[in-house]
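The values are calculated or read from the model by the stated rules, or taken from the named source; none is laboratory data. Since the model is a prediction, treat every value here as computed from it, not as a measurement. Virtual Cβ from ideal backbone geometry, glycine too; neighbours counted across all protein chains shown.
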Amino acid sequence: MSQTRMKAVVKLGGALFKRDPDVDALRSMGKVLSSFASEGNQLVTVAGGGENARVYIDVARKLGADESTSDLLGITVTRANAELFRLALGSIAVTKIPTMLSELIHYVSPGKVVVIGGLQPGQSTNAVAALAAEITRADFLVNATDVQGVYTADPKKDPKAKMLRSVSVDKLLSWAMAGDVYAGRYELLDPVALKIMQRARIPTRFVSMEDPSNITSALRGRDIGTLVSYS
């Protein structure tokens, strides 16, 4: 039986799943993460919704859908994204896309990758990633985004924004509860995800996924992006 070297969860931001899917980007990410798993590591990847999810949710609302129905539509898109990424991973990926947290624990194993999307209304895929890390007792959670890490302001709008090398989960939670958003697409950290991270004390780092190797560098202990600290 294989011995697990590391248990990891990687949240893949929606920017990977473009409105017109970038096959090369999906293949590149799949190659890097499949190589990591092939070393005997246990890996769960969580697919975000991206632009397609936002478009569908917006149209659903305009058609009179309530928030739960809109959420369910978004979840469907994340699961479609998960299927695409499963294909990008090849044979190292578990063929089943779990749709419940209780299912996930039965599919993880050394040297394999489980891919999941959203699970239930009212819960972001960032929260799903935190829950996946908690239930699988992950050694590390990497949240891969379209910016370098967590910033003092939106770096796409504020040229004075500075990236934080480290930030406490308590500080992130205080920002989120105040309605401020300071990471990724600036909807990246929601209070639910942060509270799960806080209670489970999950070692977490935010990195850019522009270069897929940033993710495995973070998993191997390199000081890259932003590290979340716990008091």
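Looking at MET163 and the list (1) crowded, with 21+ Cβ neighbours inside 10 Å; (2) farther than 18 Å from MET29 by Cα, which single condition is not satisfied?
Failed condition: (1).
How about the stretch 101-121: which of its residues are within 16 Å of the chain's Cα centre (by Cα) and free of Cβ contacts under 8 Å to residues at least 60 places away in the same chain?
Correct list: LEU101, LEU119, GLN120.
Within the stretch 171-185, how many residues are surrounded by fewer than 20 Cβ atoms within 10 Å (Cβ to Cβ) and either modelled with pLDDT of 95 or more or within 14 Å of the chain's Cα centre (by Cα) (or both)?
Residues that pass the stated criteria total 1.
The conditions are (1) touching a Lys or Arg at 6+ places or on another chain (Cβ under 9 Å); (2) outside any loop (DSSP other than H, G, I, E, B), and ALA138 fails exactly one of them. Which is it?
(2)
Within the bounds of the stretch 75-90, is there any residue that is over 18 Å from LEU12 (Cα atoms) and not in a strand (DSSP E or B)?
no
Do any residues in the stretch 1-16 that are under 14 Å from LEU131 (Cα atoms) and part of a helix (DSSP H, G or I) have Cβ atoms under 6 Å from those of residues that are at pLDDT below 95 and of a type outside the set (Lys, Arg), where the two are at least six apart or on different chains, and which pairs are they?
none
Of the residues that sit in the stretch 137-160 and are among the polar types (S, T, N, Q) and surrounded by 20 or more Cβ atoms within 10 Å (Cβ to Cβ), which one is farthest from LEU227 (Cα to Cα)?
If we take residues in the stretch 137-160 being among the polar types (S, T, N, Q) and surrounded by 20 or more Cβ atoms within 10 Å (Cβ to Cβ), then THR145 is farthest from LEU227 (Cα to Cα).
Looking at the stretch 34-56, is at least one residue of a type outside the set (Asp, Glu), more than 25 Å from VAL207 (Cβ to Cβ) and surrounded by fewer than 21 Cβ atoms within 10 Å (Cβ to Cβ)?
yes
Tell me which residues, restricted to the stretch 200-231, are without any contact (Cβ under 8 Å) to a residue 12 or more places away in the chain and of a type outside the set (Asp, Glu).
SER217, ARG220, GLY221, ARG222
State the number of residues belonging to the stretch 61-74 that are out of contact with any Pro (no Cβ under 7 Å at 6 or more places or on another chain), part of a helix (DSSP H, G or I) and within 14 Å of GLY122 (Cβ to Cβ).
5
Taking the stretch 162-181, which residues are touching a Ser or Thr at 6+ places or on another chain (Cβ under 8 Å) and either farther than 17 Å from VAL207 by Cβ or in a helix (DSSP H, G or I) (or both)?
Correct list: SER168, VAL169, ASP170.
Please specify each residue of the stretch 134-149 satisfying the condition of being out of contact with any helix residue (DSSP H, G or I) (no Cβ under 7 Å at 6 or more places or on another chain) and more than 13 Å from GLY13 (Cβ to Cβ).
ARG137, ALA138, ASP139 - these are the residues of the stretch 134-149 that are out of contact with any helix residue (DSSP H, G or I) (no Cβ under 7 Å at 6 or more places or on another chain) and more than 13 Å from GLY13 (Cβ to Cβ).
Tell me, which residue of the stretch 68-88 that is more than 16 Å from the chain's Cα centre (by Cα) and not hydroxyl-bearing (Ser, Thr, Tyr) is surrounded by the fewest Cβ atoms within 10 Å (Cβ to Cβ)?
LEU87
Among all residue pairs at least 6 apart or on different chains, which show Cβ distances below 6 Å where the first residue, located in the stretch 64-84, is more than 12 Å from THR99 (Cβ to Cβ) and the second is surrounded by fewer than 18 Cβ atoms within 10 Å (Cβ to Cβ) and not polar (S, T, N, Q)?
Taking only residues 6 or more apart or on different chains, the pairs are SER68/PRO121; SER70/ARG61; ASP71/PRO121; LEU73/TYR56; VAL77/TYR56.
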